[in-house]
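Accompanying notes for the structure given below.
Only the coordinates and a few stated rules stand behind these numbers; no lab work does. These figures come from a predicted structure and were not determined experimentally.
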């Protein structure tokens, strides 16, 4: 299991790389969950929707969560 510090660092790096794309495609207020090992991300209108989508594909991973337009935190 990765430390929270590593999850946040990797998650923020991925988030800021894809942020321009997210801002163009999704409305502010949507949530994004990033699977930090693969870099894949999942978007939902609520935090629960975004994490549910991510957990379906990566049931045992750790995730970074953000809101389109700003960074938020991590989820296990």
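For the stretch 4-75, just run the numbers: alpha carbon Rg, then divide by 2.2 N^0.38 Å, N being how many residues it has.
On the way: Rg = 10.7 Å, N = 72, 2.2 N^0.38 = 11.2 Å.
That works out to 0.96 for the stretch 4-75.
List the relative contact order of the chain as a percent without decimals, with contacts defined as Cα pairs under 8 Å and 6+ residues apart.
34 percent
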